[in-house]
Number of protein chains: 2
Amino acid sequence: MANQKKVQQNTILDIAEALKLSPATISRALNDHPHVKEKTKSDVLKMAAQLGYRRNNMASGLRSNKTHTVGLIVPRISMFFHAEVITTIQNGLQKYGYNLIICQSNDSLDMEKELTEILLSSRVDALIAACTLGTTDFSHFDKLLQNGIPVVFYDRVPLTEQQATIIKGDDFRGGYIATSHLIETGCKRIAHISGPLTSNLYQDRSAGFLKAMEQHKLPVHQNWIFHQELTHANAREAMRKLFDADVMPDGLFTDNDTSAIAALEFAREKGIVVPAELKIIGYSNDPRTSIITPAITTIEQFPDEVGKKIVETLMNLLKNATNVTNETIVPITIPVQLIRRMTT
Amino acid sequence: MANQKKVQQNTILDIAEALKLSPATISRALNDHPHVKEKTKSDVLKMAAQLGYRRNNMASGLRSNKTHTVGLIVPRISMFFHAEVITTIQNGLQKYGYNLIICQSNDSLDMEKELTEILLSSRVDALIAACTLGTTDFSHFDKLLQNGIPVVFYDRVPLTEQQATIIKGDDFRGGYIATSHLIETGCKRIAHISGPLTSNLYQDRSAGFLKAMEQHKLPVHQNWIFHQELTHANAREAMRKLFDADVMPDGLFTDNDTSAIAALEFAREKGIVVPAELKIIGYSNDPRTSIITPAITTIEQFPDEVGKKIVETLMNLLKNATNVTNETIVPITIPVQLIRRMTT
């Protein structure tokens, strides 16, 4: 009995330790991964036999020891939307007996790559990720998937087909209803402060903006469209350009609330009357938008719904771990909603 | 060699187990702590010799495998102060090649205990913790200390003597200068919305409040003092009680900005003119306080200074791991500053 118990406890980690290789390498070797040298594969198989390692131990996800810990990588925890999603996820996971480990990529792709390694070696049972604005190659997540660790992407998600579950807000519709609302309240000259087009978020919100403009046959001025990091300073700079020109916009759609707040403050300083001379709509329903005077019209993204859907999806993946790489293709979309306040 | 290796691995935990004492007691005994009985000290030294325990083992932190990962436990990442501290810590650690894993206790002591286990088994090299409001026994952190993993507490820190480094804001002075400012601007009837007295934060801010009141010989009304969870709803309820009474306060000091915002909104709704009829001062310099109209006077806690000091201290501890259990007694205090705005 004692002996059998010992056999059952031997994991990839034990093989890794014995051979002074990373667990990821052991896993790849056992899976006959093409990037692993034949010599290494043979060493791993020998050590696996010697330690009594049994492939079946790993039945559900190549690993026998579940840690009941889920890892999460997010650009910045201080962003209101992410902080809310994280809180909902953590409360949801807790009901199922799972804990959450949170890491910030600081919007750095190198950091994001490193964090996937750290979370893998921390032996998380699953990973949730909102990617950096610069993440266009998602292959650093593959090693988790290959280790049977489900990955759920949310918000900032792979643009290419990826063998992972995707949960996102309806950004196209968000851009569309925001712009339509400006048009319906009388705007004819609409500017758009958007994020980098490398990200699905700003591609989709921009497409929604353009669709509404086209439907209402309004002209789109290229110098009224900004694709930039959505910081307070950048939004002020964009406003300066917009209001230094001969023809000024009468409507502004910003892809986050920080930019909307910066625009409102700029307008206040310059004596531009909001909403009479300029209507402003932001994105995310950050609490600051309801505290500022005038309160800012914005798009609600329902972070709690996003968080709940992530937990629900993740629990299904963990229950049916065999299908990790299948139920992947169709993204799950969370509806958005216009919150009308005093700037429109 | 094999034998020697085994000897080197004997730690305080082994001595603790052999003597059925807590690791904290063993550590104190080895450090000749005055609170440990002489008999215990002698037992510990004997067992240490018997097990071949060597003080020098602590040199590198008792563990050979460094992960270059630091764990952090915080009540809630969405609190502005903590989000800022975390960002500074992460940027600081990165310069030294360390990554940060963040966990939320959600202000639950059970969760905090569980997270110390998780971070220990994730093999973090060090731990940073801001405790829950209900953490009065800190023994769940001992197992990290006794594994040679330095622990730095900040903000919400142990009230009792603890063998870990403590970094905190000058909460006594914060409470004192906030209250003194209200008095200097003419307030005679000052209310205080504070947090639970189980926490060092609210003990110290309350002591500062009382000191200023006493110095100026102002009466302290017990029904104008609230010790409660510092939520928006609780602050509204406190305001309702304060302004339902025959004699109303003319000054209000709240121990966080959420309560100050709730109080300002309540005053606005009831037609109480701020600052003419009621002066309000909050705590933390949350960005919302400068966005709201009128902008709220508050106490700046310099989260970036707190974060920098945490990193600096942690790096010293990691470099000189011999002294993990020594440089512990005097807390490091970060100054605070009054930010005067329109509510006073």
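Listing for the model above:
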item: Residue list for the range B:96-129, restricted to those being surrounded by fewer than 23 Cβ atoms within 10 Å (Cβ to Cβ), under 24 Å from A:Ser121 (Cα atoms) and among the acidic types (Asp, Glu); result: B:Glu114, B:Glu117, B:Asp125
item: Qualifying residue in the range B:193-212 (condition: surrounded by fewer than 16 Cβ atoms within 10 Å (Cβ to Cβ), in contact (Cβ under 8 Å) with a residue 24 or more places away in the chain and assigned by TED's automatic domain parsing to the domain that holds B:Ile86); result: no
item: Segments classed as strands (runs of 3 or more DSSP E), wholly inside the range A:187-291, with at least 1 members that are farther than 30 Å from A:Phe138 by Cβ; result: A:190-194, A:251-254, A:279-281
item: Complete set of residues in the range A:128-163 that are among the hydrophobic types (A, V, I, L, M, F, W, C) and either over 14 Å from the mean Cα position of the chain (by Cα) or in a loop (DSSP other than H, G, I, E, B) (or both); result: A:Ala130, A:Cys131, A:Leu133, A:Phe138, A:Leu144, A:Leu145, A:Ile149, A:Val157, A:Leu159
item: Hits in the range A:162-182 - residues which are closer than 17 Å to A:Phe302 by Cβ and in contact with a strand residue (DSSP E or B) (Cβ under 7 Å, 6 or more places away or on another chain); result: A:Ile166, A:Ile167, A:Lys168, A:Gly169, A:Asp170, A:Gly174, A:Ile177, A:Ala178
item: Single match in A:Ile177, A:Ile166 (criterion: away from chain B (no Cβ under 11 Å), of a type in the set (Val, Ile, Thr), assigned to a strand (DSSP E or B) and within 30 Å of A:Leu210 (Cα to Cα)); result: A:Ile166
item: Number of positions in the range B:130-144 that are crowded, with 21+ Cβ neighbours inside 10 Å and in contact with a helix residue (DSSP H, G or I) (Cβ under 7 Å, 6 or more places away or on another chain); result: 7
item: Some residue of the range B:79-91 being in a loop (DSSP other than H, G, I, E, B), facing another protein chain (nearest Cβ under 10 Å) and under 20 Å from B:Tyr283 (Cα atoms); result: yes
item: Test: residue in the range A:106-125 that is touching an Asp or Glu at 6+ places or on another chain (Cβ under 9 Å), of a type in the set (Asp, Glu) and within 30 Å of B:Pro75 (Cβ to Cβ); result: yes
item: Matching residues, the range B:125-149, being touching a residue at least 40 places away in the same chain (Cβ under 8 Å) and more than 27 Å from B:Gln94 (Cβ to Cβ); result: B:Thr132, B:Leu133, B:Gly134, B:Thr136, B:Ser139, B:Asp142, B:Lys143, B:Gln146
item: Which listed residue, of B:Gly97, B:Gly71, is within 11 Å of chain A (Cβ to nearest Cβ), touching a helix residue (DSSP H, G or I) at 6+ places or on another chain (Cβ under 7 Å) and small (Gly, Ala, Ser); result: B:Gly71
item: Residues (under 21 Å from B:Thr313 (Cα atoms) and more than 7 Å from chain A (Cβ to nearest Cβ)) located in the range B:101-121; result: B:Thr116, B:Leu119, B:Leu120
item: Residues (out of contact with any helix residue (DSSP H, G or I) (no Cβ under 6 Å at 6 or more places or on another chain) and either buried (at least 24 other Cβ atoms within 10 Å of the Cβ) or closer than 13 Å to B:Val85 by Cβ (or both)) located in the range B:282-300; result: B:Tyr283, B:Asn285, B:Thr297
item: Within the range A:158-178, considering residues that are touching a Leu at 6+ places or on another chain (Cβ under 9 Å) and of a type in the set (A, V, I, L, M), the one surrounded by the fewest Cβ atoms within 10 Å (Cβ to Cβ); result: A:Ile177
item: Leading residue by the ranking (farthest from A:Val220 (Cα to Cα)) among those in the range A:232-266 that are within 14 Å of chain B (Cβ to nearest Cβ) and of a type in the set (D, E, K, R); result: A:Glu265
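For every residue, the table says whether it meets (1) of a type in the set (Gly, Ala, Ser); (2) modelled with pLDDT under 50; (3) part of a helix (DSSP H, G or I).
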{"site": "B:Asn3", "(1), (2), (3)": "no, yes, yes"}
{"site": "B:Ala29", "(1), (2), (3)": "yes, no, yes"}
{"site": "B:His35", "(1), (2), (3)": "no, no, no"}
{"site": "B:Asn57", "(1), (2), (3)": "no, yes, yes"}
{"site": "B:Leu62", "(1), (2), (3)": "no, yes, no"}
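Quick grid of which residues meet (1) in contact with a helix residue (DSSP H, G or I) (Cβ under 7 Å, 6 or more places away or on another chain); (2) of a type in the set (Val, Ile, Thr):
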position	(1), (2)
B:Ile193	yes, yes
B:Ser199	no, no
B:Asp204	yes, no
B:Phe209	yes, no
B:Ala212	yes, no
B:His216	yes, no
B:Pro219	no, no
B:Phe226	yes, no
B:Leu230	yes, no
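Matching residues to (1) within 30 Å of A:Leu264 (Cβ to Cβ); (2) in contact with a His (Cβ under 7 Å, 6 or more places away or on another chain); (3) without any contact (Cβ under 8 Å) to a residue 60 or more places away in the chain:
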position: B:Thr231; (1), (2), (3): yes, no, yes
position: B:Asn256; (1), (2), (3): yes, no, no
position: B:Ile272; (1), (2), (3): yes, no, yes
position: B:Asp304; (1), (2), (3): yes, no, no
position: B:Pro335; (1), (2), (3): no, no, no
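The values are calculated or read from the model by the stated rules, or taken from the named source; none is laboratory data. Everything numeric in this text was worked out from a predicted model, so none of it was measured. Every residue, glycine as well, gets a Cβ built from its backbone with ideal geometry; the counts of neighbours run over all protein chains shown.
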